[in-house]
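Heads up: the structure comes next, in structure tokens.
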Amino acid sequence: MVFDEIEQIAFEPLVPTVGMGATYYGLSDREPYTIVEVVNHRTIRVQQDFASRTDDNGLSKVQEYIYSRNTVAPLLTLTLRKCGKWVEKGRLLSANGFALGHRSKYVDPSF
């Protein structure tokens, strides 16, 4: 799957609910989060989850993880921008965004 396709799927609009997974998309890495509060239809709070690797692939593009809540992680406030992208409050729209509805962890082995 090409990154543009991932980005298109990642930023499909969903109605956020408490407990729903979320994924932060860095340049090529991803981090799992959980929605812990829905402030209103344009503002949510998330916490980063623990991600434990379950495969034995070493430094590889093929990675499998299991996720668990990290209730002591700092809370981030995300806002839904007019373009439909969830971004951390106070950051520019050009900043990397979050996708709702799933958790994903990926560490790019080429860096």
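Each reported figure results from applying straightforward, stated rules to the coordinates on display, with no laboratory input. Predicted, not measured: the structure shown is a model, and the values here were computed from it. Neighbour counts are summed over all protein chains in view; Cβ atoms, including those assigned to glycine, are modelled from backbone coordinates with ideal geometry.
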Over the chain: Rg over Rh, Cα atoms, Kirkwood Rh: 0.96
Mean separation of Cα contacts under 8 Å, 6 or more apart, over the residue count of the chain: relative contact order %: 33 percent
Neighbour-count order for Tyr24, Tyr67, fewest beta carbons within 10 angstrom listed first: Tyr67, Tyr24
Kirkwood Rh (inverse of mean 1/r, distinct Cα pairs), the stretch 56-111, angstrom: 14.0 Å
Per-residue Cβ neighbour rank within 10 angstrom, fewest leading, Glu37, Glu88: Glu37, Glu88
